[in-house]
Structures are given as structure tokens and as C-alpha cells.
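The values are calculated or read from the model by the stated rules, or taken from the named source; none is laboratory data. Treat the numbers as computed from the prediction; the structure is a model and nothing was measured. Positions of Cβ are generated from backbone atoms using ideal geometry, with glycine treated the same way; all protein chains shown enter the neighbour counts. Protein only, heavy atoms only, side chains kept; ligands, DNA and RNA dropped before computing areas. Shrake-Rupley method; radii C 1.70, N 1.55, O 1.52, S 1.80 Å.
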Amino acid sequence: MKVNDAISGIFFILFGLLIFYLTRDFPILQGQKYGAALFPRLIGFFMGAGGVALIFRGVRMRDGAPWVTVMDWVSSPRHLARFFLVIFVLVFYILVSDVLGFIPTAFICLFVLLNWLRGISTWRSSAGISILAVIVIQQFFGEFLRVPLPWGIVPIFGW
Amino acid sequence: MDLFIVAFGLIFDPYVLLVIILSGAFGLFMGAIPGLSATMATALLVPVTFFMPPVPALASIVTATAMAIFAGDLPGALLRIPGTPASAAYTNEAFAMTRKGQAELVLGTGLVSAVIGGIFGAVVLSFTAPILAEFALKFSSFEYFWLASLGLTCAAFISTESPAKGLISLMIGLLIATIGIDVTTGHPRFNFGSIELMGGVNFIPAMIGMFAMAEVFRSVTALKPPPRVEQRNIGNIFAGLGKVLYRYKVNLLRGSTIGVLVGALPGAGSDIAAWISYAVAKKFSKEPEKFGTGHVEGIVDAGSSNNAGLGGTWVPALVFGIPGDSITAIVIGVLYVKGMNPGPTVFLEQPELIYAVFVSFFMANVLLLPLGLFAIKSAKQLLRVPREVLMPVILMFCVVGTFAINNTVFGVGIMLVLGIISYFLEENGFPIAPAILGLVLGGLLEDSFMTSMIKADGNFIAFFERPVSAVLGAITITIWLSPQLNKVWRKFRSPSALKPQR
């Protein structure tokens, strides 16, 4: 989604105000007039100031263009699905990797993504690439760098 | 000099050398694939360097970036798509030369001028950084506050279509840096009850999200497939090269000098160095009319400039702990992770480490010649790696890389969220580099600001009482006000100039 700068500007002004609201009960330093809220509030202030500048810029440069334009890929269902599939795959990994283990989870993620991006007819080579990538990543991070990747349902083994 | 010998010993270790060669190959690959930049190569390397001692960790980043900046020329010359932003300045020129059947000459010129520029940058870095560090030892929290502000200001204002967007991006980075326990009061901020957020947002997942995830989103939603390289074999790249380099020897020196200087400016890196050098080359050329038609002169300037700029960006990073561009911002983050506080004290406490960085710069640029030659010869195959295969694998690599930092999937969540945010920011014209600089420098900026405020008892005048801090402060504030001053100046000169420009 591409929005006119004026809309981004309003968004960041509101965001700056939100920072002020969230920092309302931060403690102050003893013997001083300020504390933990000072720095975030300065950030909120500058963010709002940038927002004001963007509103001017957006209105000046609009020139009849729509306030909001959807990116061109949104109208292609295939590409829209790709965008959400990437998010979905990551959420899936976050939720199940601990239970299922790295090797099966990573394989499912890769296999689904590869099939979706390259087309279902390539499933054989996609499966091969997924298996190869999982083995390489597991060996490199899990064995060589000793990252404790979860084993899950797979019995623990080492090469 | 003794330190150089010690540093040589640190680098010429079989393990370190192996790391350097592998990182070099990795860098060439990343640079040669359009969309995968030197910054992304660094971002993906960081989780791996996390497990290495400081010397190989730094050497691998130095090598990978030097290789990636050169490799960006390959798709520039063969496909008319810059592999990294640093090659964008002369992509059209390089492609025009390929069209004329001079692919060998343009790639050879790019390679050798990159090597010369890189070595020049390494020399300047090795000689100026220690001198500057001695000066920087006298700095107090006031100077550090202004230095950090100056660095961040330049990052936000240089090379963005609108300073307001740079400013907002910077503020987003600074805001993310405030998440977690506040050091001065011990109060948790913006963690919304999450225990994991109480420790703050780890910079490695954040950076992988901002640079790598955002690119994955861009790539999977790209409607047009990337163009295929023509079936064409690359011949001898050294034929006729000596004549070109001899003829444009002044350009080599000029490009390298501009590269180092621009690189050393906080906020400007190799890509801006290349643009400026190319423009300068055209301005001072005896035959400016040939520029754009496949003329090698500008490529000598800009090709040496972007690699020299890489050395330049490390000067402020190592001396003050203020990064010159997004790559060194990541490096600063790595140094903190390794328990080193970048800044002048490193030169006193661990000088051998700093000199090891210098030596790895020389090593990387010497290695660039054989490895670069190899990459040119295999460019046809390199550029044929399908994006649909690469992106899922990179995604999985990002996941494991972020997991490896704290061994929790929490980092993967951070990566995803920041990846989505930065994708939308970039689509709307907000630059991402200021955000990553803000994230890395946020802690230092707030610390030095709060320390200074407490020292000065809330009196803001104290920020200008020391001579160096007064100068730094004045420069910073002038840059802040420059858009307004500019407007006033134009109004003063001609009242009509203020009309909206289309």
C-alpha cells in the first residue's frame, strides 16, 4: 500500500502522541525534573515534527494523485498469496518448530514455499532442494556452530 | 609497526584464512545477484560471526563487503541491473560498453580499479585512524552526544528524497532502541508486559528483518521476472587494460581519494561515493560528450571510488564508534556483541585487533583479484541462479540465524515484524539505513545525553561549554536547520523561487 505523504504524516504525528501517552507514568530521576520519559518523548516530538513536514510535502506534491494507491502486485492473486505465504510460513515455524523439531519444520516450510513460487509441477526438484538445504543448514548451524536447534519428534542423532 | 606484525600473525592463521576465503566467495555471490546487496551479505554473515572470535569475525565482514561491492558490477555490465547500489552510478555506462562488445574491458577495468581503490582505502584507514583515535581520547559525554547526533543527522539527511522521511526513519530506530529496561532509572519501557522485550530488541534479528526479510518480500511480489543473461563467454579481461589504466591514472587517484573522503563522512557510503566520483569524472573529462555512450573513463573513477569508500566508512566507526554507513552500523553492533566498546579506547586496550582489521582490508583487496577473476569467468552461471529457489533458502537461513543468537523463536518474531514494517516503509519512500543506525546508536546517544544532562544539572548550555563539543554542536544544529536556512536564502535572493516546484 502506497499512501500519500500527508497520510504518513498524520500517522506519525499520532504515533508521536502515543509515545507521550505511553510514557505518562515513567519515573523521574531523583533531584531532577526529568527521567526515563525524556528521551522517548524527544523521539516522539521529532517524529511528530517530521510528520508535520510530510503533511506539507504530501499536499504540495499530490497533484491530483490518489491519496492511497495499492501496489500493483496486490491485484495479482498469485503474488498477493506469495506475500502472505511468507508471513504464514514464518508464523508456522515460530509455533511448531519447538514441538516438531527443526528438520521436519524447515522441510515443510521450504517445500511449501518452493512449490508455491515455482509451480506444483516442480515438486520433485523442490523436494530435493528442500532436503539438501535442510541438511546443509542443520549441519552448518546445528553441528558446526553448535546451535541447539530443536529436535522435536526426530530422534537426536549426530553425524 | 610492531602492531602490524602482530596483526599479520593474527590474520595468517589457517582458520582465519579459511574464513576469509569463504567469506570472499560468499560476498561475490551476494554482490553478483541483483537485490542481494553488500549490506544484506553483512546482515546474513552476522549470525555466523557471532560464533567466531573477534579477528575472524571482523575479517570475514571486511572481505565479504569488499568482494560484494565489486561483484555488483557484474550484473550491471551484463544485465544492466546494478548488483548493489554502489554500482548503480555507472551501470548504464558499463552496459553500453558490453553492447559495443567490450564486456571484457569493462569488467577488467572494474576489477582492477576496485583493487587499487580498495588498497588506497586500506592505506588511508591504517594511517589516519590511529592518529584520530589519539585525539578522540580527550572526548567526554558532551562530545559523544554531539558526534552521535552528527552521525545520525547526516544519515537521515544525506541521500534521502526527503529529510523528513529520513528523520522519521531515524526516530523509529531510536525508539526501538529504547525498548527494555532504562539504564538510568531501571524502569522497563515499552515492553507491554513481555519478559523477553524487557531485555530490549536484539539488534541482530532486527537488522536481518530490516535488510533481508524486506528484500524477500520485495522479491516474491515482483511481477516481472528478472532478465536472463545472454549466452556469451567472457574472454581475456586483461587485454588492453594496461593502456586504459595508464591513460586514466589520475582518475584512479581522484576516484580513490573522493571515495575515502565521502566514505569517512558519517551517513554516506560507497554508493554515494560512486555517484559523486562519476559526476566529477564527467565534469573534468576532456571528452565529456562520450559519457553515457560506453566510455571507460567514468568507470575507472567510480569503480575505484566505491571500494575506497569502504575503507573510509571504517574510519569514524573504529575511531568514534560512529558508523559511516549501514554496513559499519552492523559492524558496530557486532563489536558490542563481542564485548568491545568501539571508540578510541579500543586503540589502547586491543590495538592488535584494530590492526588486524587493517591487515584484513589489504588481504581482502589482494584476494579480490583472483577471486574476482573467477567470479567474472563464472558470471554466466552466477546470474542464472533462479530467484524462486534462492529466496526460500535465504529465508530459512535468516530464521536459523536469528534463532541462533538467543536460542529462542522470539527473535524470529522480531525479524518478521520488523521485516514487514521496513518493507512498507521502503515502499513509501522511507530509507531504512537511518533506522538501523538509530537502533545501533540509540543506546550510546541516550546514555551520553542523560549523563551530560545529569552532569550539567539539566542546564543545556553545558553542551556547548567545551570547545570541541561547541564546534560539533554548532555543525549539527546548522545541518538541522539547513533546509529552513536554504529556504530563507532563496526567498532573500528571489521571491519567486519559493513557489512549489514540480
Rounded if a/c under 1.5, otherwise prolate or oblate - chain B, Cα gyration tensor axes:
rounded
Hey, in the GNM for chain A with a 10 angstrom Cα cutoff, which one of A:Ser130, A:Ser76, A:Ser121 fluctuates hardest?
A:Ser121
Kindly report the accessible area of the protein assembly as shown per residue (heavy atoms of protein chains, probe 1.4 Å, no ligands, DNA or RNA), in Å².
42 Å²
Can you run phi through the Karplus equation (6.51, -1.76, 1.60; θ = phi - 60°) for the range B:298-315 and list ³J(HN,Hα) in whole Hz, with x for Gly and Pro?
x, 5, 4, 4, 6, x, 7, 5, 5, 6, 5, x, 4, x, x, 5, 6, 4
In sequence order, calculated HN-Hα J values of the range B:354-368 (Karplus, 6.51, -1.76, 1.60; Hz; x Gly/Pro)
5, 5, 5, 5, 4, 5, 5, 4, 4, 4, 4, 6, 5, 5, 4
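Per residue of A:7-13, count partner chain C-beta atoms within 10 Å of its C-beta, then hand back the mean as an integer.
Details: counts 1, 8, 3, 0, 1, 7, 0.
For peptide A:7-13, the averaged partner shielding equals 3.
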For every other residue with a beta carbon closer than 14 angstrom to the beta carbon of B:Pro47, add +1 if it is Lys or Arg and -1 if Asp or Glu, then tell me the sum.
+2
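Calculate the translational D of chain A in whole µm² s⁻¹ from Stokes-Einstein, where the hydrodynamic radius comes from the Kirkwood formula applied to all Cα pairs, the temperature is 4 °C and the viscosity 1.567 mPa s. Mind showing how you got there, number by number?
On the way: Rh = 20.5 Å.
Once the numbers are plugged in, D ends up at 63 µm²/s.
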Computing the accessible area with a 1.4 Å probe over protein heavy atoms, can you report the carbon and sulfur percentage for chain B?
67 percent
Considering only the other residues whose Cβ falls under 13 Å of the Cβ of B:Asn407, what net charge follows from Lys and Arg at +1 and Asp and Glu at -1?
-1
Check: C-alpha center the range B:321-342 vs C-alpha center the range B:423-481, spacing in Å is 17 Å
Could you derive backbone 3J(HN,Hα) for the range B:18-33 from the dihedral phi with the Karplus parameters 6.51, -1.76 and 1.60 (θ = phi - 60°), listing whole Hz in sequence and x where the residue is Gly or Pro?
4, 4, 4, 5, 5, 5, x, 4, 4, x, 4, 4, 5, x, 6, 8
Go through B:Lys165/B:Lys455; B:Lys224/B:Lys377; B:Lys249/B:Lys338 and tell me which ones have a Cα-Cα distance over 31 Å in this structure.
B:Lys165/B:Lys455; B:Lys249/B:Lys338
Over what distance in Å are the Cα centres of the range B:255-282 and the range B:233-250 separated?
23 Å
Ordering A:Leu145, A:Leu54 by accessible area with a probe of 1.4 Å, largest first, what comes out?
A:Leu145, A:Leu54
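Determine the sum of side-chain charges near B:Phe320: Lys and Arg each +1, Asp and Glu each -1, restricted to other residues whose C-beta is under 13 angstrom from that of B:Phe320. Intermediate values should be presented prior to the final figure.
Working: positive: B:Lys138; negative: B:Glu134, B:Glu143.
Neighbour charge sum, excluding B:Phe320 itself: -1.
Which order do you get for B:Lys286, B:Lys138, B:Lys224, B:Lys455 if you rank them by accessible area with a 1.4 Å probe, largest at the top? Can you show the working numbers first?
Details: B:Lys286 200, B:Lys138 140, B:Lys224 175, B:Lys455 120 Å².
If we order B:Lys286, B:Lys138, B:Lys224, B:Lys455 from most to least accessible, we get B:Lys286, B:Lys224, B:Lys138, B:Lys455.
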Taking B:Lys282 as the anchor, which aspartates and glutamates have their alpha carbon closer than 16 Å to its alpha carbon, excluding any fewer than eight residues away along the same chain?
B:Glu93, B:Glu297, B:Asp301
Sequence-distant aspartates and glutamates (8 or more away, or on other chains) whose Cα lies within less than 20 Å of A:Lys33
A:Asp25, B:Asp182, B:Glu446, B:Asp447, B:Asp457
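For the range B:328-421, what does the alpha-carbon gyration tensor say about shape, rounded, prolate or oblate, given a ≥ b ≥ c as the root eigenvalues, a/c under 1.5 as rounded, and a/b over b/c as prolate?
Values: a/c = 3.22, a/b = 1.10, b/c = 2.92.
Here the range B:328-421 falls in the oblate category.
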Got a sec? Charge dipole of chain B, +1 on Cβ for Lys and Arg, -1 for Asp and Glu; which of B:Phe139, B:Leu261, B:Tyr355 is way out at the positive end?
B:Leu261
On a 0 to 90 degree scale, rounded to 10, what angle separates helix A:77-100 from the longest Cα axis of chain A?
70 degrees
Mind giving me the nanometre distance, one decimal, between the label points for A:Ala65 and B:Phe8, set 7 Å out from Cα along Cα→Cβ?
5.7 nm
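As a check on your grasp of the helix formula, calculate [θ] at 222 nm for chain B: sum -39500 (n - 2.57) over DSSP H runs of n ≥ 4, divide by the residue count, round to the nearest 500.
-23500 deg cm²/dmol
Where nothing but the Cβ of Lys and Arg (+1) and of Asp and Glu (-1) is charged, how large is the charge dipole of chain B around its Cα centre, in debye to the nearest 20?
Numbers: 31 positive and 27 negative charges, 395 e Å.
About 1900 debye.
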Taking 8 Å as the Cα distance limit and 6 or more residues as the minimum spacing, I'd like the relative contact order of chain B as a percentage.
26 percent
Heavy atoms only, probe 1.4 angstrom, no DNA, RNA or ligands counted: give me A:Leu110, B:Leu382, B:Leu132, A:Leu95 ranked by accessible area, highest first.
A:Leu95, B:Leu132, B:Leu382, A:Leu110
Amide H neighbours of B:Gly343 under 5 Å, at least 5 residues apart or on other chains, H built in the peptide plane: list them.
B:Gly321
Could you compute how fast the protein assembly as shown diffuses translationally, taking Rh as the Kirkwood radius over C-alpha pairs and applying Stokes-Einstein at 10 °C with viscosity 1.306 mPa s? Give it in µm² per second.
61 µm²/s
Spelling it out for A:Gly35: with amide H atoms placed in the peptide plane at 1.01 Å from N, the residues 5 or more places away or on another chain with amide H under 5 Å from its amide H are A:Leu29
Taking a crude spin-label model, label points 7 Å out from Cα along the C-beta direction, the B:Ala474 to B:Ser378 distance in nm is 5.6 nm
The size of the Cβ-based charge dipole (Lys, Arg +1; Asp, Glu -1) of the range A:2-69 about the Cα centre, to the nearest 20 debye, is 80 debye
Between B:Glu352 and B:Lys224, how many nm apart are label points set 7 Å from Cα along the C-beta direction?
5.4 nm
Net charge dipole size for chain A [Lys, Arg +1 and Asp, Glu -1 on Cβ; Debye, nearest 20]:
320 debye
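Please state the relative contact order of the range A:2-69 as a whole percent: Cα pairs under 8 Å, 6+ residues apart? It would help to have the intermediate numbers written out before the result.
Values: 83 pairs, mean separation 36.3, N = 68.
Relative contact order for the range A:2-69 comes out at 53 percent.
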Select from the range B:1-98 those chymotrypsin sites (Phe, Trp or Tyr not before Pro) which occupy a DSSP coil region and have at most 16 other Cβ atoms within 10 Å, ordered by residue number.
B:Phe12, B:Phe51
For the range A:2-69, which whole-number percentage of the solvent-accessible area (1.4 Å probe, protein heavy atoms only) is attributable to carbon and sulfur atoms?
70 percent
Could you please state how large a percent of the accessible area of the range A:73-144 is carbon and sulfur, counting protein chains only and using a 1.4 Å probe?
80 percent
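What is the gain in length, in nm to one decimal, between B:Leu137 and B:Tyr15 on full extension, counting 0.36 nm per residue of separation less the C-alpha to C-alpha distance?
Details: separation 122, 0.36 × 122 = 43.92 nm, distance 3.37 nm.
Between B:Leu137 and B:Tyr15, full extension yields 40.6 nm more.
How about the range A:83-157: which trypsin sites (Lys or Arg not before Pro) there are in a DSSP loop, with at most 13 other Cβ atoms within 10 Å of their Cβ? Before the final figure, lay out each step's value.
Numbers: sites: A:Arg118, A:Arg124, A:Arg146; in loops: A:Arg146.
Hits after loop and neighbour filter: A:Arg146.
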Rounded to the nearest 100 Å², what's the accessible area chains B and A bury against each other, both chains counted, probe 1.4 Å?
5700 Å²
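Loop only per DSSP, at most 11 neighbouring Cβ atoms within 10 Å: give me the chymotrypsin sites (Phe, Trp or Tyr not before Pro) in the range B:138-202, ordered by residue number. Kindly include the intermediate steps, with their values, before the conclusion.
Details: sites: B:Phe139, B:Phe142, B:Tyr144, B:Phe145, B:Trp146, B:Phe157, B:Phe190, B:Phe192; in loops: B:Phe139, B:Phe190, B:Phe192.
When the chymotrypsin sites (Phe, Trp or Tyr not before Pro) of the range B:138-202 are filtered for loop state and at most 11 Cβ neighbours within 10 Å, B:Phe192 remain.
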Amide H neighbours of B:Ile181 under 5 Å, at least 5 residues apart or on other chains, H built in the peptide plane: list them.
B:Arg189, B:Gly200
